[in-house]
Structures are given as structure tokens and as C-alpha cells.
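J.: Sending over a structure as C-alpha cells; questions will come in a sec.
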Amino acid sequence: MSSLLLLESSGEICSVALTQSGKIIQEKAILEPNAHSLYLAPFVADVLKSNGLTACQLDAVAISAGPGSYTGLRIGCSLAKGLCFGAGIPLIAVSTLKALAQLARIEYPSAKHIISLIDARRMDAYMGQYDEALRIHQDETFVTINSDIKLPNKHVAVVGSGAAKFMAELKLDKSDYNHVQSSLYARHMLIEANDLWESQTFVDLESYEPNYIKTVYVTKPKSKF
């Protein structure tokens, strides 16, 4: 009976879920921007304590691997690594874009194609395209939203924080493109996390970094003098 801890910190929602035998048994979440540092670790402690578990009794930790908020991903990565190193358990990395596609699959089961989009400001987004079985149709990438993007024709679900901008800019026909209202929680990582656990697909703890897709540039603050 496997026990997995799922951590989602890539966006505005801070969410933790605990699984046993492939099912969610408890979840804690809060929608409060830029507050992952306040809630993520306490949520983990709460769900473990409520179920009489310690980190050492988990089989693995699964993290929403990105892309998404740089700060949120770093916080999630640091906590997940700390738990895994301390307990001697493996780390599973679940694509944030694929987790969004899973959410869309639940909300719009008749979709033949799913486009996941995470807003990257201006007219940019992180994008992944999947078929109805959530197989990758087009590699996850950083895009500028314009008419050059190759798209499927019908029965498409568009999901994620960049979905509304995508629909509006490309003037997509709502009879062919269904905009799924998306709030990503740890529970939406469940299917992919279970699959990766079953195949024993883990990331290297020492070298693992979140999947930012686009290189992150950190600039020094300007001197006040």
C-alpha cells in the first residue's frame, strides 16, 4: 500500500495532498498569492500528523515540476528535497502542464486534444499540447501567442492561466475550442504521480531543478547610492 505526498506550488494556489493505494485521502489548499513559504511546510506537517504518519513512512514525494512561478517552484523544490533526503525516499517530478491537461480531461472528457497554457506575461505563455490519452502531441515550450502556432481543428480543451488570453488573441471558435476554468491543485497530479510511481521513474535528488523551460534571469537590485 503506497503512500505518496503531492506538492503543488507552481501557481497562486498552495496545495498538498496525501495518497494511499492510489487515492487521495486528504488535501489542504489555500489561494493566496506569494504565500507558499508560509503554508506549504505547515500543510505537509498537518496532513502527515492527521493521518498518523511521518515522512519516513511515505514511499515518495511528488512535486509539480513546472513551468510556473519561479519562487513557488523553488520553495516546492527545496521542501520536497529536504523531505526526501531526510526520509531516504525518492522524488517524483510531474509536469505542471500535464497536470493541467489532466484537470481539463476531467472537466471536458470529450476533448480529443488538450492545450495547456501558463501565462508568462505580455503575449507569452508556456504551452503543452496533448492528445485525448494525455500523450504529448507537441513538446512543452515557451511561445509567443500569435497565428504562427499550429493548432488542432476541433474538440479542443484549452486550460491554464494563459488560456483566456490565448482564446481572445487568436479569436478561436468556442464551438471547437472549450475554455476550461482552471485552478490547479495537488490532486490533479494524482494520475501522473501514480504512473511514475508504478514505473519507478524518479529524478536524481542531488541534481534535480524545477523545469522552468525558459531560462530565468536574476538581476541585482540597483544601488540606492
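The values are calculated or read from the model by the stated rules, or taken from the named source; none is laboratory data. Everything quoted here is computed from the prediction, not taken from an experiment. Cβ: placed from backbone, ideal geometry, glycine included. Neighbour counts: every protein chain shown. With ligands, DNA and RNA removed, areas are computed over all heavy atoms of the protein, side chains included. Shrake-Rupley method; radii C 1.70, N 1.55, O 1.52, S 1.80 Å.
J.: On the given criteria, is Ser175 among the hydroxyl-bearing types (Ser, Thr, Tyr) and over 30 Å from Leu5 (Cα atoms)? Spell out how you get there, then give the answer.
T.: Details: among the hydroxyl-bearing types (Ser, Thr, Tyr): yes; over 30 Å from Leu5 (Cα atoms): yes.
In short, yes.
J.: Moving on. Criterion first (under 21 Å from Asn211 (Cβ atoms) and open to solvent by 10 Å² or more (accessible area, probe 1.4 Å)) does Asn51 satisfy it? Spell out the reasoning first.
T.: Details: under 21 Å from Asn211 (Cβ atoms): no; open to solvent by 10 Å² or more (accessible area, probe 1.4 Å): yes.
No; evaluated as a whole, the condition is false for this residue.
J.: May I pose another question? What are the residues in region 3-28 that are touching a helix residue (DSSP H, G or I) at 6+ places or on another chain (Cβ under 9 Å), open to solvent by 20 Å² or more (accessible area, probe 1.4 Å) and either over 19 Å from Ile191 (Cα atoms) or of a type in the set (Ser, Thr, Tyr) (or both), if any?
T.: Those that are touching a helix residue (DSSP H, G or I) at 6+ places or on another chain (Cβ under 9 Å), open to solvent by 20 Å² or more (accessible area, probe 1.4 Å) and either over 19 Å from Ile191 (Cα atoms) or of a type in the set (Ser, Thr, Tyr) (or both): Gly11, Glu12.
J.: Here are some conditions: (1) closer than 14 Å to Leu103 by Cα; (2) free of Cβ contacts under 8 Å to residues at least 12 places away in the same chain. Lys171 meets all but one. Which one does it not meet?
T.: Failing condition for Lys171: (1).
J.: So which residues in region 22-37 are in contact (Cβ under 8 Å) with a residue 24 or more places away in the chain and either closer than 18 Å to Gly76 by Cα or in a helix (DSSP H, G or I) (or both)?
T.: Glu27, Ala29, Leu31, Asn34, His36, Ser37
J.: Continuing with this model, one more query. Going by the conditions given, is Phe43 closer than 18 Å to Glu206 by Cα and among the aromatic types (Phe, Trp, Tyr)?
T.: No: the conditions fail for Phe43.
J.: Looking at Thr96, Thr71, which is the one that is surrounded by fewer than 22 Cβ atoms within 10 Å (Cβ to Cβ), among the hydroxyl-bearing types (Ser, Thr, Tyr) and under 19 Å from Gly162 (Cα atoms)? Step through it out loud before you land on a result.
T.: Working: Thr96 fails: surrounded by fewer than 22 Cβ atoms within 10 Å (Cβ to Cβ).
After applying the criteria, what remains is Thr71.
Rundown of residues vs (1) surrounded by 11 or more Cβ atoms within 10 Å (Cβ to Cβ); (2) at pLDDT 95 or above; (3) not aliphatic (A, V, I, L, M), yes/no style:
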{"residue": "Asn146", "(1), (2), (3)": "no, no, yes"}
{"residue": "Met167", "(1), (2), (3)": "yes, no, no"}
{"residue": "Asp176", "(1), (2), (3)": "yes, no, yes"}
{"residue": "His179", "(1), (2), (3)": "yes, no, yes"}
{"residue": "Ser183", "(1), (2), (3)": "yes, no, yes"}
